[in-house]
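Participant: Next up is a structure, given as structure tokens.
The values are calculated or read from the model by the stated rules, or taken from the named source; none is laboratory data. Remember, predicted model here, so these are calculated numbers, not experimental data. Please note: Cβ atoms are built from the backbone with ideal geometry, for glycine as well, and neighbour counts cover all protein chains shown.
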Amino acid sequence: MNAMLRTSVLVVFTVIAIPGKAETQCIRQGDEEIILFDDARKYCPTQIGPVDPKLGWKFAFSDDRPGCWRADDYFVYVALEAKPSSLLLPGDIEPLSACKKFNDKRDDALLEFMLEVCANFDFDDKLASEYGHKALAMAERYGDGDPRLLQSIDCLAARTANLAEAEKLVERSIAIQQRYGPTDYVAMVSNLGAIGRIRMNQRRFDEAETFYLEAITLGRQHLGDDHLEVVVSTVALGKMYFDLGKFQQAEEQLLLALAGAIKHKGAHWVMARRFAVASARIMADVYKKQNKPVEEARYREIARRHWEELRSRESEDFIDQSTFSDPA
């Protein structure tokens, strides 16, 4: 699944210097340069070996190898993948700018790791946002035309808790897409939907409606009504209408979302079926609010049928199971 699509879906269901924190530093061991991040960790990559979290380990990176490090009054302890642990001196720690032996392979591996952390919803938003900022700082040097920059912008926009920052990031992403990829309709629909979600969170519902409708219209025209990006925005708009008590509009959008999700037969079948379940469940709630028990029961049953179909199919699960509860 491409990064843009993964970001959109998960959000709905919720110069080499790396500025990040000023404490990001490096240490040299012979010809090897090791980046020392200031992010305290409760875990360390399993391939490093057992690391006691009570000792205050932080993340380290050397070439394409992840690791951990910590320091006390006497030593700097560094543990890297596939290498014995090292003891160095606190006085050996230098500013990041002092380590200059970077190469494209190392940079790419580090950026990829940061983006993986940013995009992994098993990590809390604070850590993901921290790494998203670091990834964006690295990717800036590649220029607006490089896909790594756009990927970093989109990932951080999805994970930052700062709505104003998210809005600026999405607007920048749209500007880049319009300049370098005006026919990338998946990205355009995703960005419009993202702004809609931001406006909704800001309780600027009229503006949110405008962006959602623009995303849906553009998506249906160029991607088809069963494309997952179209379904995502349609479900989101329907849910917003429901929350606002606009049941007729909610019903219209949710029926379209349900039909599109059921029609989807592509690689994201599992995810589409989950949105079918969600659409049917919200539809049932719409009819419950309107005191229409027959219609409510019908859509509860539709939700249950798709849920059972989903559970019986062996497929890779792209969304955490906790996102949806059994529709009973």
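Participant: Might you let me know whether segment 176-193 holds any residue that is closer than 22 Å to L127 by Cβ and either in a helix (DSSP H, G or I) or among the aliphatic types (A, V, I, L, M) (or both)?
Facilitator: no
Participant: For segment 229-252, which positions are of a type in the set (A, V, I, L, M) and either under 15 Å from L213 (Cα atoms) or not assigned by TED's automatic domain parsing to the domain that holds G266 (or both)?
Facilitator: Passing the criteria: V230, V231, V232, V235, A236, L237, M240, A250.
Participant: Among the residues of segment 300-311, is there at least one that is in the same structural domain as Y241 (by TED's automatic domain parsing) and either modelled with pLDDT under 50 or of a type in the set (S, T, Y) (or both)?
Facilitator: no
Participant: So, in segment 118-127, how many residues would count as being of a type in the set (A, V, I, L, M) and surrounded by 21 or more Cβ atoms within 10 Å (Cβ to Cβ)? It would help to see each step written out before you state the result.
Facilitator: Here is the first cut: in segment 118-127, the residues of a type in the set (A, V, I, L, M) are 119, 127.
With the extra rule that they be surrounded by 21 or more Cβ atoms within 10 Å (Cβ to Cβ), the set shrinks to 119.
Qualifying residue count, segment 118-127: 1.
Participant: List the residue pairs whose Cβ atoms are under 9 Å apart, where the first residue sits in segment 287-304 and is more than 18 Å from F275 (Cβ to Cβ), the second is of a type in the set (V, I, T), and the two are 6 or more positions apart or on different chains.
Facilitator: Cβ pairs passing all conditions: Y287/V294; K292/V286; E295/V286; E296/V286.
Participant: Also, quick follow-up: (1) under 28 Å from G224 (Cβ atoms); (2) touching a Leu at 6+ places or on another chain (Cβ under 8 Å); (3) surrounded by 20 or more Cβ atoms within 10 Å (Cβ to Cβ): which one isn't true of N191, the others all being true?
Facilitator: Failed condition: (2).
Participant: Being under 20 Å from R172 (Cα atoms) and either surrounded by 21 or more Cβ atoms within 10 Å (Cβ to Cβ) or polar (S, T, N, Q) (or both) is the filter here, so list the residues in segment 201-218 that pass it. Before you say what the answer is, go through the steps one by one.
Facilitator: The initial filter retains those residues of segment 201-218 that are under 20 Å from R172 (Cα atoms), namely 201-202, 207-208, 210-212, 214-215, 218.
Those that are under 20 Å from R172 (Cα atoms) and either surrounded by 21 or more Cβ atoms within 10 Å (Cβ to Cβ) or polar (S, T, N, Q) (or both): N201, Q202, A208, T210, F211, Y212, A215.
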